[in-house]
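Derivation of every value follows stated rules applied to the coordinates shown; laboratory data play no part. Note that the coordinates shown come from a computational prediction; the quantities given were computed from them, not determined experimentally. Positions of Cβ are backbone-derived with ideal geometry, glycine not excepted, and every protein chain shown enters the neighbour counts.
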Number of protein chains: 2
Amino acid sequence: MSTEKTAATPNGADAALSDYTLDGQIGFLLRCAYQRASGNLLRRIADHGLTPAQFSVMARLYERGSMSQNRLGRLVGMEPANIRDVVQRLKRRSLLETRSAPDDARRLVVDFSEQGRSLVARLIPLEIESSAQTLASLNPEEQQTLLQLLGRLVETDDR
Amino acid sequence: MSTEKTAATPNGADAALSDYTLDGQIGFLLRCAYQRASGNLLRRIADHGLTPAQFSVMARLYERGSMSQNRLGRLVGMEPANIRDVVQRLKRRSLLETRSAPDDARRLVVDFSEQGRSLVARLIPLEIESSAQTLASLNPEEQQTLLQLLGRLVETDDR
DNA sequence: CCCATATCGTTATGATCATAACGATATGGG
DNA sequence: CCCATATCGTTATGATCATAACGATATGGG
């Protein structure tokens with residue numbers, strides 16, 4: 001006989017409704033924490049006209065250099081439809097440029113404009129500040145631990 | 001004289017471009033981790049017609065009982081405009097009901113329908129499963145540490 | 001009592017997400 | 001060589017977010 005799902009024994013072997021708390025769920029905590037981190041960054045870069053998502057695209061391009069739109073999306077965790085729109089908006093603001101790849105007609109190569117490269121270089125220190133603010137309630141050791149654990153959670157994500 | 005921002009000394013006192021990595025930024029990690037957690041939950045509840053955000057609203061209501069739409073939003077980290085739309089969709093699917101508060105004409109009291117309460121009770125075990133999957137790459141002690149550190153990051157958020 | 005101030009819910013706008021479906025192009029194995 | 005299969009980018013759809021602006025209602029101090 002299988003264990004009952006509705007019984008809600010105080011600490012049953014199959015975790016049941018009794019010991020459930022929304023605030024203890026990793027997904028809910030991650031959403032709240034991301035909201036906070038995102039807000040901290042946005043406050044600093046909004047007047048430069050960028051969002052956190054847009055910034056992550058610019059930062060990845062700054063780190064890795066010019067690459068295809070699709071690959072850029074994978075490296076920042078955006079679906080093709082999503083990275084497309086973000087690149088589009090950054091193009092409209094003359095921060096990025098695109099050209100079709102000479103060796104593969106399917107690919108769209110994304111690169112900085114002069115302004116784009118200059119802007120992201122000026123914004124990176126603001127992100128570093130923002131990260132420090134987000135982590136401010138933890139001591140340095142705890143900060144390292146958190147970053148390391150999150151890194152392992154995400155490990156097999158991108159490249 | 002102030003330290004230069006563009007110099008990029010290998011490990012300058014003011015963290016500069018040289019030691020910046022997108023993958024080391026708390027905000028970026030949180031976004032990727034949330035994406036993963038959200039996907040794990042969505043896969044389990046999508047065929048019941050709910051999203052992770054909708055589920056969090058239902059779960060909070062299940063924990064705390066009937067309350068005003070605005071307060072419900074605060075307790076799940078949603079702005080008034082946002083919680084409004086989510087409640088609207090759940091109402092349209094007859095999972096929630098609303099009535100105006102007898103003692104305060106501004107307030108809209110949100111409560112379950114029979115179906116709604118029954119559905120969330122059936123879905124909570126799926127979220128517990130989903131949380132376990134999200135945390136699967138960490139050992140139990142590390143899982144506790146992560147939850148505790150995230151909790152402190154978010155501490156002064158709701159309620 | 002009255003009114004400045006706060007709270008609640010709504011509307012509008014624009015960006016971010018996931019998903020499904022699609023055409024165009026590459027590629028590799030037979 | 002050819003064709004099944006994969007990859008790339010696009011379009012469309014619907015949900016989730018933050019923000020600004022607004023009317024309606026409560027509230028508390030003078």
Between copies, how far does the label point of A:GLU79 sit from its twins, in nm, shortest first, when each point is 7 Å from Cα along Cα→Cβ? 2.3
Inter-copy distances for B:GLN144, label 7 Å out on the Cα-Cβ vector, sorted ascending, nm, one decimal, are 2.2
Computed, not fitted: 222 nm per-residue ellipticity of the protein assembly as shown from DSSP H runs ≥ 4 (each -39500 (n - 2.57)), nearest 500, equal to -18500 deg cm²/dmol
Cα axis of helix B:140-154 to longest principal axis of chain B: angle in degrees, 0 to 90, nearest 10? 90
Non-local amide H neighbours of B:LEU96 (under 5 Å, H modeled in plane, Pro and chain starts lacking H): which ones? B:LYS91, B:SER113
Could you give me the ³J(HN,Hα) list for segment B:75-88, computed from phi with Karplus coefficients 6.51, -1.76, 1.60 and θ = phi - 60°, whole Hz, x at Gly and Pro? 6, 10, x, 10, 5, x, 5, 7, 4, 4, 5, 5, 4, 4
Could you identify which residue out of A:SER66, A:SER131, A:SER100 has the top mean-square fluctuation in a GNM of chain A using Cα springs shorter than 10 Å? A:SER100
Against the longest principal axis of chain B, how steep is helix B:26-45, in degrees 0 to 90 to the nearest 10, with axes from Cα atoms? 30
Please determine, in degrees from 0 to 90 and to the nearest 10, the orientation of helix A:52-64 with respect to the longest principal axis defined by the Cα atoms of chain A, where the helix direction is its Cα long axis. 60
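Taking 25 °C and 0.890 mPa s as the conditions, I'd like the Stokes-Einstein D for the protein assembly as shown in µm²/s, using the Kirkwood hydrodynamic radius from alpha carbon pairs. Please report the intermediate quantities before stating the final value.
Values: Rh = 21.7 Å.
Translational D for this selection: 113 µm²/s.
Restricting to Cα pairs below 8 Å that are 6+ residues apart, what does the relative contact order work out to for chain B? Please round to a whole percent.
Values: 133 pairs, mean separation 33.1, N = 159.
With pairs under 8 Å counted, the relative contact order is 21 percent.
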Calculated label separations, B:ALA46, copies of the chain, 7 Å along the beta-carbon direction, nm: 3.2
Hz values of 3J(HN,Hα) by residue in segment B:107-123 - Karplus curve (6.51, -1.76, 1.60), Gly and Pro given as x: 7, 10, 7, 9, 9, 6, 8, 4, 4, x, 5, 5, 5, 4, 4, 6, 8
Around B:SER68, which amide H atoms from residues at least 5 apart in sequence, or from another chain, sit under 5 Å from its own amide H, with H modelled in the peptide plane? B:VAL110
To the nearest whole number, what is the average tally of beta carbon atoms from other chains within 10 Å of the beta carbons of peptide A:141-150? 5
P(r) of chain B in 10 Å steps, Cα pairs, percent per bin? 9, 29, 28, 17, 10, 6, 1
Using Cα pairs closer than 8 Å and at least 6 residues apart in sequence, work out the relative contact order for segment B:72-159, in percent. 26
